[in-house]
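Rule-based calculations on the coordinates, nothing more; no lab input. Bear in mind that the values here come from a model prediction, so they are computed numbers and not experimental data.
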């Protein structure tokens, strides 16, 4: 008879997966350091600012892929890249 240890709690596994995703985002082609991943129970919240909608969509796709089986909520803001509509007053 073997003594089978119980599987680790889902949150421990999720902690590891979230940390791995954060490393992947920072080191990957996106080089995104401005994205924060927060555990909220068994779901993950992405917050921060990204340079474009395409970048946001790629990050969300990666998160949903890496964290499959857990809800992923996105609150990523897109940085404004339009030029100012008036000149800056320097005094």
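Quick notes on this structure:
- Axis angle, to the nearest 10 degrees, between helix 10-27 and the longest C-alpha principal axis of the chain: 40 degrees.
- Considering the chain at the alpha-carbon level, its Rg and Dmax are found to be 18.4, 82 Å.
- Residue-averaged 222 nm ellipticity for the chain, from DSSP H runs of 4+ at -39500 (n - 2.57), nearest 500: -11500 deg cm²/dmol
- For the chain, the longest principal axis of the Cα atoms and the long axis of helix 53-66 meet at an angle of about 0 degrees.
- Length-normalised contact order for the chain - Cα pairs under 8 Å, 6+ apart - percent: 25
- If both residues of a DSSP beta bridge must be in the chain, then about 45% of such bridges are antiparallel.
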